[in-house]
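Structure record follows, encoded as structure tokens.
The values are calculated or read from the model by the stated rules, or taken from the named source; none is laboratory data. These numbers come from a predicted model, not from an experiment. Because the Cβ atoms are built from the backbone with ideal geometry, glycine has one as well, and the counts that use them run over all protein chains shown.
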2 protein chains.
Amino acid sequence: MTIAQKNPKPSVTSGPLPASTKIHVAGEIHPDIRVPLREIALHPTAGEPPLRVYDASGPYTDPAHEVAIEKGLPRIRAAWIEARGDTESYEGRAIRPEDNGHAGEKGAVPDFPVRHPPLRARHGRAVTQLAYARAGIVTPEMEFIAIRENLGRRAAKAALLRDGESFGAAIPDHVTPEFVRDEVARGRAVIPSNINHPEAEPMIIGRNFLVKINANIGNSAVTSSMAEEVEKMVWATRWGADTVMDLSTGRNIHNIREWIIRNSPVPIGTVPLYQALEKVNGIAEDLTWEIYRDTLIEQAEQGVDYFTIHAGVRLAYIPLTVDRVTGIVSRGGSIMAKWCLHHHRESFLYEHFEEICDICRTYDVSFSLGDGLRPGSIADANDAAQFAELETLGELTRIAWAKDCQVIIEGPGHVPMHKIRENMEKQLAVCGEAPFYTLGPLTTDIAPGYDHITSGIGAAMIGWYGTAMLCYVTPKEHLGLPDRNDVKTGVITYKIAAHAADLAKGHPAARLRDDALSRARFEFRWEDQFNLSLDPDTARAFHDETLPKEAHKVAHFCSMCGPKFCSMRISHDLRAEAQKEGMEAMTAKFRDGGDLYMPVARATGAAAAGE
Amino acid sequence: MTIAQKNPKPSVTSGPLPASTKIHVAGEIHPDIRVPLREIALHPTAGEPPLRVYDASGPYTDPAHEVAIEKGLPRIRAAWIEARGDTESYEGRAIRPEDNGHAGEKGAVPDFPVRHPPLRARHGRAVTQLAYARAGIVTPEMEFIAIRENLGRRAAKAALLRDGESFGAAIPDHVTPEFVRDEVARGRAVIPSNINHPEAEPMIIGRNFLVKINANIGNSAVTSSMAEEVEKMVWATRWGADTVMDLSTGRNIHNIREWIIRNSPVPIGTVPLYQALEKVNGIAEDLTWEIYRDTLIEQAEQGVDYFTIHAGVRLAYIPLTVDRVTGIVSRGGSIMAKWCLHHHRESFLYEHFEEICDICRTYDVSFSLGDGLRPGSIADANDAAQFAELETLGELTRIAWAKDCQVIIEGPGHVPMHKIRENMEKQLAVCGEAPFYTLGPLTTDIAPGYDHITSGIGAAMIGWYGTAMLCYVTPKEHLGLPDRNDVKTGVITYKIAAHAADLAKGHPAARLRDDALSRARFEFRWEDQFNLSLDPDTARAFHDETLPKEAHKVAHFCSMCGPKFCSMRISHDLRAEAQKEGMEAMTAKFRDGGDLYMPVARATGAAAAGE
């Protein structure tokens, strides 16, 4: 395992997670697809098969894969895309100095060594997964996803004892490729999969699938480098990020993104407005549709899988933000608001939305309709500005759908617990069940430094209510740019939130991992307990702080309670004792009451005095 | 600020939090009471008065107080107790070698230097706050609490714009001493306040008051010392723990507890069974009612404010746990189950419950009726064993109330989100609205090392639904004994959960702090943002990692977005621009539609294709 250094060929963290093997499952409709899953081996005394878990980490955790950042990942989807016969290769847009913010020789991030000429749709065709789904085509991407989402569902029949409250979500007992197709066709799920990012492993974002999480990375004008950002991307997916947004600003923005995309096994999202703003030297008023449009094409050719587009920030809504405690807190939202107000014009994103759709359908870039007016404080939650914009996002969703474009909708922000559910319900109603993609929400403003937690609470809840993807928040939120440790903390926190949501929704396979870990815990299989956890390294390190010896890995206690006070050890004694007598006989005896049953008579006298 | 060392006179962390002053508010009914509150000063440009916050940290954060651990804290309640004229001083039970687990000369924790002869009720009278409340007496403790709970409620009229969903809680606009009395009289709130712990500042636990949090400390047979535990107690209250449970096991248990109680500004809870078990060398079967009873008196004389008593673990319920994935995970529960099963007898705690009440009313020790059969995994949540025990806790609550004893009810544990609310509703119904005191609950089992977060999610939710006190979980849960850093992380996480719950319940003063912090954030008052946060030290450190200079404390950006992309800075520009034109005129124009309003006609064509 190595750590990224500041050099042009960054090294990244690789190697399997503890006790884990990457397996590949072949398709049936498409026999050439190889769906990666992670199997966690358990101790022989468990008498259990390895546990299969969802694995977004890509080839980096496969020892059979030789990591070579300067070459990029294998282009697994290239043949599938080619086989569809609806795309063409072309020269593409030339890279210009302003694409990298006029980074000079010194401090410039080198070009990525390999150039792949971009693909685009032929003759104005839609090459989106939505178009295929509507045409009744089950793409390799869809079958890949079906296999991936099922995990061990079929094998583990027990899990089909469904239990949960799904708030109207319709999670099937088993995910078929046809189900994936149908959900995509209905606009209830998206498969972010730019034809120019064939390195990515297909994944799906939708309310009837596993809840996904996104990790934001990206340098800022103030700090960090390309090597750091590539490693952050690999690092984030290692711990479970399902998509990564590159929110870089400052110089070298084009080249940093190229290194990230070529090496990313997960879909990459961006906010194209950030780069467009760099091209006009940070002066919002100088933005034009032409510059923005050119940036969309630049990024679509690179392979960005989804664009955050703040087309719902309309001129008329800006006055609604003026009495807010925290104004406009979305970077994209504030930039567009400034542009609108300065020119006294309707947003060019709104006015040119159909043209944006035409670009997106040419490359299959999914829309992530940005919530530029999301609340930035508890005080501003669920206000008129926020919900006015949401209505517009619903309107834009329908336009995008008419153009065969895939759409997800971004959501808040800062929302106290009692106002979270309204967000989900309104979004479902207004946006026709397009997937919701929320930032947190943060449930209080008073804990900077811990906003992964203030927001993890809200994320778990809104995930339960129906959000399809949760955008992580790191401990550095509001304070500074997250580093590698912050990225990991953010990802693990959001994996917790997403998984808690899956459990509560009644996802049929979600509890398999909880139960396996609980059994390991009860049987003092410490190694299994570490290995089954979201972060085996931290679990082990915490345990070993006080009981580092190998012998303690099979000890029937830990330092929390010590040997005499371990309830689980005592529980085992109890079971052994009970078995001597025959537990069933005992149960029957006690259930009948018998002479051991304490009559509640003495409680009667108390009842009157009680309340 | 100093850190505890391993020595007989431990030093503890003291000194005010940043920008904070401890103020004292006098009573009206009882003019001699001095209620401590913390005032956080804001930057002059804020134009705002200091923000008052609840302050459980005791004299340690008061520069006027000279810390002397070997003397203990001032005995502020001694005169109030004396004035009631219903107690008497007596010699008390002699300390025996087994009280400290036969700790020899070597490694023995020294006796606390000052011995205060214990008090007890005269002639079998009840000296509980419940008894006084029922008699219509507003004690100094009650007025102290009323002042403490109100914070700046009266001054900040704006906060009275109530907003929230309280699930039946009845939080008043203003807390009067009479309201406190009434809630205690109804059993809906408790004031844990042993007459032998006059050092503690009165606080209340009830659904219609601020949600409280408890921090567990205590050594185990494997690790840690008295000095560490005293510092953990002071440290936990510094960051906001409202009560502290000393869960020590192993040797020196009596003396460690004495040092803790004499120095604790918050109520101390214990599980007397742990010490009783030490007295029989860890052999559960050897426990007797006599040993247990003696331990209750020993601890009551020391000043323990509440006892966790697992009297609901009845013999008949044990078979219900046999098919569980994780058996019995409460230490007390498993010990009692083992005793019951071994002797084939009903629990001696259940059988002697009225005698236990007699002891508790003699000293005003509150009951925390333990949930010995709480689920230890998602798989076991809300099962028959758990709810059978809850029914018994309801029965015991009525017995305790008949004896004028104060009661809170402990709750789970491990519960997925969709099963949390049922716990709260059942508890309210079965236990006659006695306050609920829950451990988490943890919403998934798959994240050892992050169980402060898995449980923080559940804690926030159950706090919203009505839990009165949340027992923290630290990152070390399931893995080892928490250290000082873990204690702080656990406390801050639970302060977040409690505060998020207060906000969602619609507590009239809760949002004052969020709003103050959000205003500071929007106005780039970085120092205020740090100082208003739950953990100013961490917020500042995170910010300063990338922008350490003093100048950056007034900079209108941070390293997350850099200067050009700061949405808040842009928002300010927007407002300035808007003001030039007159925002009201602008608003009116846009609301009317005008020529800038985009007709939705073009969306119509899309509607058919959409879903």
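The condition of being of a type in the set (Lys, Arg) and in contact with a Cys (Cβ under 8 Å, 6 or more places away or on another chain) holds for only one of A:251, A:314, that being A:314.
On the basis of being of a type in the set (A, V, I, L, M), at pLDDT 95 or above, over 30 Å from residue A:446 (Cα atoms) and buried (at least 24 other Cβ atoms within 10 Å of the Cβ), does residue B:268 make the cut? No.
Check the range A:468-480 and report whether any residue there is more than 9 Å from chain B (Cβ to nearest Cβ) and in a helix (DSSP H, G or I). Within the range A:468-480, none of the residues are more than 9 Å from chain B (Cβ to nearest Cβ) and in a helix (DSSP H, G or I).
Going through A:341, A:320 one at a time, which residue ends up being touching a Ser or Thr at 6+ places or on another chain (Cβ under 9 Å), assigned by the TED database to the domain that holds residue A:394 and surrounded by 19 or more Cβ atoms within 10 Å (Cβ to Cβ)?
A:320
Scan the range A:482-493 and tell me whether some residue there is within 7 Å of chain B (Cβ to nearest Cβ) and in a helix (DSSP H, G or I). Yes, there is a match, as at least one residue in the range A:482-493 is within 7 Å of chain B (Cβ to nearest Cβ) and in a helix (DSSP H, G or I). If the condition is being more than 12 Å from residue A:292 (Cα to Cα) and either outside the structural domain of residue A:309 (by the TED database) or over 26 Å from the mean Cα position of the chain (by Cα) (or both), then the range A:354-364 contributes A:354, A:358. With respect to (1) at pLDDT 90 or above; (2) within 7 Å of chain B (Cβ to nearest Cβ); (3) outside any loop (DSSP other than H, G, I, E, B), the lone exception for residue A:573 is condition (1).
Given the criteria charged (D, E, K, R), free of Cβ contacts under 8 Å to residues at least 24 places away in the same chain and within 9 Å of chain A (Cβ to nearest Cβ), does residue B:537 qualify? No.
Selection within the range B:312-341: residues that are among the aliphatic types (A, V, I, L, M), touching a residue at least 60 places away in the same chain (Cβ under 8 Å) and outside any helix (DSSP H, G or I). The member of this set that is farthest from the other protein chains (Cβ to nearest Cβ) is B:313.
Scanning the range A:509-524 for residues that are crowded, with 24+ Cβ neighbours inside 10 Å and away from every other protein chain (no Cβ under 11 Å) yields a single hit, A:509. Could you identify the single residue in A:456, A:440, A:432 that is within 23 Å of residue A:164 (Cα to Cα) and within 8 Å of another protein chain (Cβ to nearest Cβ)? Going through A:456, A:440, A:432 in turn, the sole match is A:456. Of note, residue A:389 does not satisfy the criterion of being part of a helix (DSSP H, G or I) and surrounded by fewer than 18 Cβ atoms within 10 Å (Cβ to Cβ). Of the residues screened, residue B:237 is one that is crowded, with 22+ Cβ neighbours inside 10 Å, among the hydroxyl-bearing types (Ser, Thr, Tyr) and under 30 Å from residue B:511 (Cβ atoms).
Looking across the range A:403-420, the residues that are touching a residue at least 40 places away in the same chain (Cβ under 8 Å), outside any strand (DSSP E or B) and not charged (D, E, K, R) come down to A:405, A:406, A:412, A:413, A:415, A:417, A:420. Within the range B:287-311, the set of residues being of a type in the set (A, V, I, L, M) and either facing chain A (nearest Cβ under 7 Å) or within 26 Å of the chain's Cα centre (by Cα) (or both) comprises B:296, B:297, B:300, B:304, B:309, B:311. Within the range B:479-520, being of a type in the set (A, V, I, L, M, F, W, C) and farther than 30 Å from residue A:546 by Cβ holds for B:500, B:501, B:503, B:504, B:509, B:510, B:512, B:516, B:517, B:520.
Residues in the range A:346-355 that are more than 7 Å from chain B (Cβ to nearest Cβ) and part of a loop (DSSP other than H, G, I, E, B) were compared, and the one that is farthest from residue A:390 (Cα to Cα) is A:352. When the residues of the range A:28-42 are narrowed to those that are over 22 Å from the mean Cα position of the chain (by Cα) and surrounded by 17 or more Cβ atoms within 10 Å (Cβ to Cβ), which ends up nearest to residue A:517 (Cα to Cα)? Here the residue is A:42. Residues that are of a type in the set (Lys, Arg) and either outside the structural domain of residue A:325 (by the TED database) or more than 18 Å from residue A:332 (Cβ to Cβ) (or both) do not occur anywhere in the range A:370-386.
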